[in-house]
Amino acid sequence: MNASVKLPRTARVLLVAAFWLGVWAFAAWRVGLSLLLPSPALVAKTLWGMLGTAVFYQTVGRSLLNVTAGILFAVAVGVLLAAVCRRVRFLRELILPLITVVKATPVASFIVLALIWVGAPRVPALITVLIVLPVVWTNVDEGLSKIDPQLREVAVVYRMPYWRRVRLLVFPSVRPYFLAACRTSLGLAWKAGIAAEIIARPRMSIGTAINDARQYLLTEEMFAWTFVVILLSLLIELGFTALFDRFGTGKGDPA
């Protein structure tokens, strides 16, 4: 008789993390050169030293501000643009090729162009907007197209107030598409924002710190900053997901 032991999720996550840390430690030991592959202990020591400096928190805060500002602006513009395009069909046909071009163009090309257009300090936020906006616009536009025309006619016949129609018809239809767009674009936005910082090198940013560590061959510091990027990406995604789930599982208002 086969018996299977089901471990709690936390235990499974810790076991997986321990496994890959062991693989990393073994690989670092085999390489034997921290310049090529520093050990987890050396990276942890470097990160601990960084945590004790004010520059670390200023750098993280600046990068978070750049990316968060770009995400919020892109979400607001994407939702508004999708709503207007549903009202004005020609505008949707006019904007669709531009959205397609933005989605297909390599991020590196936009970063180089943004350096010329807006200067290094604004590049991360602009790149974040270009990553998030097409995803939000496409998903919200799809959600608006799924609204039942018969329900819309009933709302018109019964002269339902505009904001009540938005709450009872538009919001339930768009909500799952909007949440999916935000979940998809969050990780992409953070990675693209840091990539933009690495190329543009704005003052006091994570990307610039990574580039400086590479330039001076401080591999353990580069690994430490990369770990910070991964951790922040996970925390942002988990935080936004929890927030979205709270709204996404809410009950609709009674008619």
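Taking only the Cα atoms of region 1-139, how large is their convex hull per residue, in Å³? Roughly 246 Å³ of hull volume per residue.
Placing pseudo-labels 7 Å out from each Cα toward the beta carbon at F171 and L35 gives an inter-label distance of 6.1 nm. When the P(r) of region 63-128 is calculated, the portion above 19 Å amounts to 45% of the C-alpha pairs.
Footprinting exposure proxy ranking of W190, W24, fewest other C-beta atoms within 10 angstrom first, gives W24, W190. Among I198, I230, the ranking by other beta carbons within 10 Å of each residue's beta carbon, starting with the fewest, stands as I230, I198.
When Y216, Y177 are arranged by Cβ crowding within 10 Å, least crowded first, meaning fewest neighbours, the order is Y216, Y177.
At an R0 of 25 angstrom, the distance between the Cβ atoms of W24 and L235 translates into a FRET efficiency of 0.75. Entry for region 38-248 at q = 0.09, 0.12, 0.13 Å⁻¹: log10 I(q)/I(0) = -0.45, -0.71, -0.79, Debye formula applied to identical alpha-carbon scatterers, no solvent contribution. Placing a pseudo-label 7 Å from each Cα along the Cα-to-Cβ vector at R89 and T184 gives an inter-label distance of 2.5 nm.
Computed from the coordinates by the stated procedures, all read-outs in this text should not be read as laboratory data. Computed from a predicted model, the values in this text were never measured in an experiment. Don't worry about glycine lacking a Cβ; one is built from the backbone with ideal geometry, like all the others, and counts go over all protein chains shown.
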